[in-house]
1. Examine region 96-106 for a residue that is part of a helix (DSSP H, G or I), under 24 Å from Ala185 (Cβ atoms), at pLDDT below 90 and of a type in the set (Ser, Thr, Tyr), and state whether such a residue exists.
2. Could you please find all residues in region 120-145 being modelled with pLDDT of 95 or more and either surrounded by 14 or more Cβ atoms within 10 Å (Cβ to Cβ) or assigned to a loop (DSSP other than H, G, I, E, B) (or both)?
3. For residues that are in contact (Cβ under 8 Å) with a residue 60 or more places away in the chain and among the acidic types (Asp, Glu), tally how many sit in region 147-168.
4. Hey, does region 61-78 have a residue that's over 20 Å from Thr188 (Cα atoms), free of Cβ contacts under 8 Å to residues at least 60 places away in the same chain and basic (Lys, Arg)?
5. Can you tell me which residue within region 16-34, out of those that are buried (at least 21 other Cβ atoms within 10 Å of the Cβ) and β-branched (Val, Ile, Thr), is farthest from Ile116 (Cα to Cα)?
6. Inspect region 104-127 for any residue being among the small types (Gly, Ala, Ser), assigned by the TED database to the domain that holds Pro84 and under 24 Å from Asp79 (Cβ atoms) and give the result as yes or no.
7. Could you say which residue among Tyr72, Tyr48 is more than 14 Å from Ala18 (Cα to Cα), at pLDDT 90 or above, hydroxyl-bearing (Ser, Thr, Tyr) and not assigned by the TED database to the domain that holds Thr206?
8. Just to check your reading of the model, which residue among Phe91, Phe135, Phe50 is of a type in the set (Phe, Trp, Tyr) and touching a residue at least 40 places away in the same chain (Cβ under 8 Å)?
Amino acid sequence: MNSIPLTEPVFDRLLHVAIEVFAERGFRATTVRDICSRANVNVASVNYYFRSKESLYSKALALAIQEANQRYPITSAQDKNLPPEKRLALFIDNFLHKLLDDSHLGFHSKLITREIAEPTKALDEIIAIAIVPQFDLLEDIVRQLLGNPADKATVERCLLSVLGQCLMFKHSRSIVERLHPDLIADETAIKETAKHIANFSIQALTQIAQQALVAQS
């Protein structure tokens, strides 16, 4: 079903419809005709505005990332004046809400997730503009919590452990909703789950930091 207003300019409508269709079917299974039919525009419009399906896909991915970041900015977690525990909690709350967004932005995270699972030539661009900035921010926070003794591999494992707890709720959402639906049932539940992940991670990072200090002494 097309959720994009027909009053939207053709260029913008094609981009937003492309996000939906590519998210639903993937790049390879989607045809230009599929997108144009849902957007209610002439099939030649993609060639006119974007030249190719590949170009449309790349621009749709870029727009998906831009709109998701506008809805869920990570600026608060970037504030180095805050304690690292608070920064981590803010990061996790933001990230989990972005992953579980049920509005039209849900297509955005689904599209990015599909690109990672079924990579195209656009994956390197996605990594550069969507993933690296988040990894860099989380790495900075984790390093603060672990302290100086932490080596690169330990930091990276901890970083991925934090992200993995959040991604579980996205990639296994259908299972979570069947077994433990109350954990992500609404805004309040998602916030509580984010708090739990943050507290769990802080306790683990604190313990790892203490073990590293003992090993050094």
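The values are calculated or read from the model by the stated rules, or taken from the named source; none is laboratory data. Please read these numbers as outputs of a predicted model, since none were measured by experiment. In this analysis, Cβ positions are derived from the backbone assuming ideal geometry, glycine residues included, and neighbour counts consider all displayed protein chains.
1. If we filter region 96-106 for residues that are part of a helix (DSSP H, G or I), which is where we start, we get 96-99, 106.
Then drop every residue that is not under 24 Å from Ala185 (Cβ atoms), which leaves 96-99, 106.
Going one step further and asking which of them are at pLDDT below 90, we end up with 106.
With the extra rule that they be of a type in the set (Ser, Thr, Tyr), the set shrinks to none.
No, that holds for no residue.
2. At the first step, the residues of region 120-145 found to be modelled with pLDDT of 95 or more are 135-145.
Residues satisfying the conditions are Phe135, Leu137, Leu138, Glu139, Asp140, Ile141, Val142, Arg143, Gln144, Leu145.
3. Going through region 147-168 one residue at a time, the tally reaches 0.
4. no
5. The extreme case among them is Val17.
6. Quick first cut of region 104-127, residues among the small types (Gly, Ala, Ser) only: 106, 109, 117, 122.
Filter again for assigned by the TED database to the domain that holds Pro84, leaving 106, 109, 117, 122.
In the following step, the residues that additionally are under 24 Å from Asp79 (Cβ atoms) were identified as none.
Within region 104-127 (the criterion being among the small types (Gly, Ala, Ser), assigned by the TED database to the domain that holds Pro84 and under 24 Å from Asp79 (Cβ atoms)), the answer is no, since none of the residues qualifies.
7. Tyr48
8. On the way: Phe135 fails: touching a residue at least 40 places away in the same chain (Cβ under 8 Å); Phe50 fails: touching a residue at least 40 places away in the same chain (Cβ under 8 Å).
Just one listed residue meets the conditions, Phe91.
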